[in-house]
Amino acid sequence: MSDYKKEKNSGWTSWNIGDSGVTTTCTKNTWSYCYKSCGRLNACGRCNCFSCYDDVYFVRKLMNQVNSDYCIDKTQVRISGNSNGGMFVYYLTSQIADLVASYAMVAGQPMVGQIKVDKEEIKDAYIISLHGRTDTTLPPLGGIDGSGEWIYESLKDTFMVFGLEQECDMDSWERVATPYDNNTSKQGNLHCSEYTRGCQGRVMQCMHDGGHDTIPEYMAPLTWWFWNSKTEHEAAKTAAKAALASTPFMQN
């Protein structure tokens, strides 16, 4: 929502990622963005950066309206977002996971100390992240950003928690092939990794050349390829279980 006003602009937009009033996500160099919505809630703090409108409520109401107006397969609801939108997508994994099957975070991750997910609801979710290696706005390795103001969790820790919640084999994190690995654009050199064993869902973290504002041209098709792999993966897991069940148990 756009409720942060300055004298010479028409307002800044942002998504509420649930950290209003928190004082541990920024350095002493930071100056607060006190949105009007936060002021009304007495929720302004020195680390405020985003709106305090209830965007989770907004998304739930929006999804209810869409479901009411159209014939929607509720098992195939997917959401994606970039930058603050990517941070909001992460936040939604702990807020509306009961309504969403798949997530895509582009150049986005949680602020430090804000890792939280809904274990029961995301256990079989499909989650992908796409991030530039040289992003200094939201640094993939976590820590303080390039401006020396905001502090982030690393993608490594973020996805480790996803893996734990999905009961993945935590020793199975490895690079995997995608149809877009040979892209030769300035946003190429794509490397994707995931937990390859034991997961109830699927979590994949992808890195490409470039910074925060260099969104690859293959971002959308990569995301759809990943999301649509669910049917194939589910069929493979079902076949593996059937094979295991049909294997005779030999006892000495």
Look through region 158-186, keep the residues that are hydrophobic (A, V, I, L, M, F, W, C) and more than 22 Å from MET111 (Cβ to Cβ), and return whichever of them is surrounded by the fewest Cβ atoms within 10 Å (Cβ to Cβ). ALA177
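Could you pull out the residue among THR93, THR25, THR75, THR13 that is at pLDDT below 90, of a type in the set (Val, Ile, Thr) and in contact with a strand residue (DSSP E or B) (Cβ under 7 Å, 6 or more places away or on another chain)? Give the steps one after another, and end with the answer.
Working: THR93 fails: at pLDDT below 90; THR25 fails: at pLDDT below 90; THR75 fails: in contact with a strand residue (DSSP E or B) (Cβ under 7 Å, 6 or more places away or on another chain).
Being at pLDDT below 90, of a type in the set (Val, Ile, Thr) and in contact with a strand residue (DSSP E or B) (Cβ under 7 Å, 6 or more places away or on another chain) holds for just one of THR93, THR25, THR75, THR13, which is THR13.
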Could you check, for region 46-63, whether at least one of its residues is of a type in the set (Phe, Trp, Tyr), farther than 23 Å from THR178 by Cβ, outside any loop (DSSP other than H, G, I, E, B) and more than 13 Å from the chain's Cα centre (by Cα)? yes
Return the pairs, sorted by first residue and then second, in which the second residue is aromatic (Phe, Trp, Tyr) and at pLDDT below 85, the first residue lies in region 19-48 and is within 18 Å of LEU138 (Cα to Cα), the beta carbons are less than 9 Å apart, and the residues are 6+ apart or on different chains. TYR33/TYR4; TYR33/TRP12; ASN48/TYR33
Is it true that some residue in region 82-89 is among the β-branched types (Val, Ile, Thr) and at pLDDT 95 or above? yes
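Tell me which residues, restricted to region 59-81, are of a type outside the set (A, V, I, L, M) and in contact (Cβ under 8 Å) with a residue 12 or more places away in the chain.
ARG60, LYS74, THR75, GLN76, ARG78, SER80, GLY81
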Restricting to region 62-96, name every residue that is among the aliphatic types (A, V, I, L, M) and crowded, with 19+ Cβ neighbours inside 10 Å. ILE79, MET87, VAL89, LEU92
Scan region 39-52 for residues that are at pLDDT 90 or above and surrounded by 20 or more Cβ atoms within 10 Å (Cβ to Cβ) and jot them down. CYS47, PHE50, SER51, CYS52
Of the residues in region 119-146, those that are closer than 23 Å to TYR57 by Cβ and more than 13 Å from the chain's Cα centre (by Cα) come to LYS119, GLU120, GLU121
Within region 187-221, which residues are over 23 Å from THR136 (Cβ atoms), surrounded by fewer than 19 Cβ atoms within 10 Å (Cβ to Cβ) and small (Gly, Ala, Ser)? GLY198, ALA220
Would you mind stating whether GLU149 is in contact (Cβ under 8 Å) with a residue 60 or more places away in the chain and among the acidic types (Asp, Glu)? yes
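Would you check if GLY108 is crowded, with 19+ Cβ neighbours inside 10 Å, closer than 22 Å to ALA220 by Cβ and touching a Ser or Thr at 6+ places or on another chain (Cβ under 8 Å)? Reasoning before the result, please.
Values: crowded, with 19+ Cβ neighbours inside 10 Å: yes; closer than 22 Å to ALA220 by Cβ: yes; touching a Ser or Thr at 6+ places or on another chain (Cβ under 8 Å): yes.
The answer is yes for GLY108.
The values are calculated or read from the model by the stated rules, or taken from the named source; none is laboratory data. Fair warning: this is a prediction, and the values are worked out from it, not measured in the lab. Ideal geometry is used to build each Cβ from the backbone, glycine not excepted, and the neighbour counts take in all protein chains shown.
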